[in-house]
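The values are calculated or read from the model by the stated rules, or taken from the named source; none is laboratory data. Bear in mind that the values here come from a model prediction, so they are computed numbers and not experimental data. Note that we place each Cβ from the backbone using ideal geometry, even for glycine, and neighbour counts take in every protein chain shown.
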Amino acid sequence: MLLADHFIKKFAKDEGKIITGFSKDVIQKMENYHWPGNVRELENLMQRTVLLSTGNIVNEFHLQREVLKVIPLPEKLKNITENERDHIIAALKSSNWKVYGPGGAAELLGMNVSTLNSRMKKLEIEKNRIGNP
């Protein structure tokens with residue numbers, strides 16, 4: 001919000017306008033927005049906002065309609081170990097828990113059977129413990 005305030009004041013001065021701040025609704029929308037363009041996007045948005053503003057409080061968030069979609073972030077990202085474990089289990093399920101040979105999980109994953117076995121051991125993936133054949 002500090003950068004947004006800086007840009008809004010800068011562009012308001014350039015345009016000969018007096019803009020003192022943002023409405024609560026605009027602040028909330030700005031805080032919830034994903035900002036894929038980072039600072040440059042914010043700067044461009046503040047310039048466009050000043051040009052389109054008619055009062056001294058910014059009451060509208062001037063983004064293109066399709067850009068207003070907020071991209072939800074997952075509640076919790078998996079770490080690499082969790083991803084690896086899930087990926088190996090998916091390959092094992094896909095191969096009907098066949099580890100080696102044609103159509104086996106090792107072949108599907110493009111890895112050596114001994115490497116897959118050691119990863120399964122490290123990640124505590126055992127057929128009987130996960131309720132598999």
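Across segment 23-59, the number of residues qualifying as part of a helix (DSSP H, G or I), in contact with a strand residue (DSSP E or B) (Cβ under 7 Å, 6 or more places away or on another chain) and within 14 Å of Phe11 (Cα to Cα) comes to 1. I'd like to check something: does segment 33-51 contain any residue that is modelled with pLDDT of 85 or more, farther than 17 Å from Phe7 by Cβ and in the same structural domain as Ile8 (by TED's automatic domain parsing)? Checking segment 33-51: not a single residue is modelled with pLDDT of 85 or more, farther than 17 Å from Phe7 by Cβ and in the same structural domain as Ile8 (by TED's automatic domain parsing). Just a yes or no: is a residue in segment 58-65 out of contact with any helix residue (DSSP H, G or I) (no Cβ under 8 Å at 6 or more places or on another chain) and at pLDDT 85 or above? Within segment 58-65 (the criterion being out of contact with any helix residue (DSSP H, G or I) (no Cβ under 8 Å at 6 or more places or on another chain) and at pLDDT 85 or above), the answer is no, since none of the residues qualifies. Look at segment 1-12: where a residue is under 9 Å from Val50 (Cβ atoms) and a partner is part of a helix (DSSP H, G or I), sitting 6+ places away or on another chain with Cβ atoms under 6 Å, you get Phe7/Glu43; Phe7/Met46; Ile8/Met46; Phe11/Met46; Phe11/Gln47; Phe11/Val50; Ala12/Val50. Residues in segment 67-79: is at least one within 22 Å of the chain's Cα centre (by Cα), assigned to a helix (DSSP H, G or I), modelled with pLDDT of 85 or more and under 30 Å from Ala4 (Cα atoms)? Checked against the condition, which is being within 22 Å of the chain's Cα centre (by Cα), assigned to a helix (DSSP H, G or I), modelled with pLDDT of 85 or more and under 30 Å from Ala4 (Cα atoms), segment 67-79 yields no hits at all.
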